[in-house]
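Sharing a structure with you now.
The values are calculated or read from the model by the stated rules, or taken from the named source; none is laboratory data. What you see is a predicted model; the values in this text were computed from it and never measured. Virtual Cβ from ideal backbone geometry, glycine too; neighbours counted across all protein chains shown.
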Amino acid sequence: MTDQVRQVPFGYEPPVESRKGTLIYYDTFDTVFEEELDQARLAAERRSFAKLVLYPLHEQTVKRMFGEPVKPYYKREDRLHDWRKHSGGELVSVEGWEGKRKKYTPIDAALRHLAEHYPAPYFLLLQPRTANLFASYDVFPEWITKLRLLLTKEPDELHPRLEQYRSRWDTLDHTSS
């Protein structure tokens with residue numbers, strides 16, 4: 001750390017940061033369309049987040065979590081970069097950490113990585129089935145106290161832990177009105 005002397009006028013107050021926090025969109029992005037990405041960007045702007053982080057999952061992670069095939073990681077990531085260039089601007093970033101790892105990454109490891117690199121508070125944007133799956137993991141009670149969930153829509157069935165922590169999550173539909 002360097003000691004720099006800066007001169008400011010008497011009574012100067014630094015401007016208050018109007019944007020804070022990170023909205024993390026954790027998804028496969030295999031079936032997410034531009035309208036849904038635009039909806040996430042609008043939610044980030046409305047809530048004055050400093051960043052909207054798109055976190056695409058590697059094929060191995062999707063296979064372990066959902067047991068289904070997806071398009072190759074690089075194709076999904078390229079599509080997100082193209083969308084970002086056309087509509088996201090500086091608010092949106094695409095996190096490529098899981099692509100560099102090239103293997104299964106537990107959600108706990110992904111959240112620790114994101115917490116190290118982006119400003120708090122954290123909101124995790126999830127599809128309903130991913131939210132139910134996350135709620136079934138042992139690390140859920142630890143993480144739900146550190147972040148809030150934002151679901152793309154109301155789930156048809158709620159995991160008992162999602163019901164237990166009902167005050168820690170909301171839906172995009174509810175917040176957009």
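List every residue pair whose Cβ atoms lie under 9 Å apart, where the two residues are 6 or more positions apart in sequence or sit on different chains, the first residue falls within the range 137-156 and is basic (Lys, Arg), and the second residue, located anywhere, is in a loop (DSSP other than H, G, I, E, B).
As it stands, the answer is Lys146/Ala120; Lys146/Pro121; Arg148/Pro121; Lys153/Gln127, since those pairs meet every condition given.
Listed here are the residues, each with its yes/no results for (1) closer than 24 Å to Leu42 by Cβ; (2) surrounded by 12 or more Cβ atoms within 10 Å (Cβ to Cβ); (3) in contact with a Gly (Cβ under 7 Å, 6 or more places away or on another chain).
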site	(1), (2), (3)
Pro119	yes, yes, yes
Pro128	yes, yes, no
Asn132	no, yes, no
Phe140	no, yes, no
Thr145	no, no, no
Leu149	yes, yes, no
Glu157	no, no, no
Tyr165	no, yes, no
Asp173	yes, yes, no
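Quick check on this structure: which one of Thr171, Thr175 is at pLDDT below 95, closer than 27 Å to Asp82 by Cβ and β-branched (Val, Ile, Thr)?
Working: Thr171 fails: closer than 27 Å to Asp82 by Cβ.
Residue meeting the stated conditions: Thr175.
Here is a follow-up. Please go through (1) out of contact with any Ser or Thr (no Cβ under 7 Å at 6 or more places or on another chain); (2) small (Gly, Ala, Ser); (3) closer than 19 Å to Leu172 by Cβ for Ser48 and return the number of the only condition it doesn't satisfy.
Failed condition: (1).
Now for a different question. Hey, can you tell me all the residues within the range 92-109 that are under 21 Å from Arg41 (Cα atoms) and either out of contact with any helix residue (DSSP H, G or I) (no Cβ under 9 Å at 6 or more places or on another chain) or crowded, with 17+ Cβ neighbours inside 10 Å (or both)?
Across the range 92-109, the qualifying residues are Val92, Ser93, Val94, Glu95.
Within the range 61-91, can you find the residues that are crowded, with 19+ Cβ neighbours inside 10 Å, under 13 Å from Asp38 (Cα atoms) and touching a Phe, Trp or Tyr at 6+ places or on another chain (Cβ under 8 Å)?
Residue satisfying the conditions is Leu80 alone.
Would you be able to say whether some residue in the range 37-60 is acidic (Asp, Glu), loosely packed, with under 13 Cβ neighbours inside 10 Å, more than 20 Å from Thr22 (Cβ to Cβ) and more than 13 Å from the chain's Cα centre (by Cα)?
Checking the range 37-60: not a single residue is acidic (Asp, Glu), loosely packed, with under 13 Cβ neighbours inside 10 Å, more than 20 Å from Thr22 (Cβ to Cβ) and more than 13 Å from the chain's Cα centre (by Cα).
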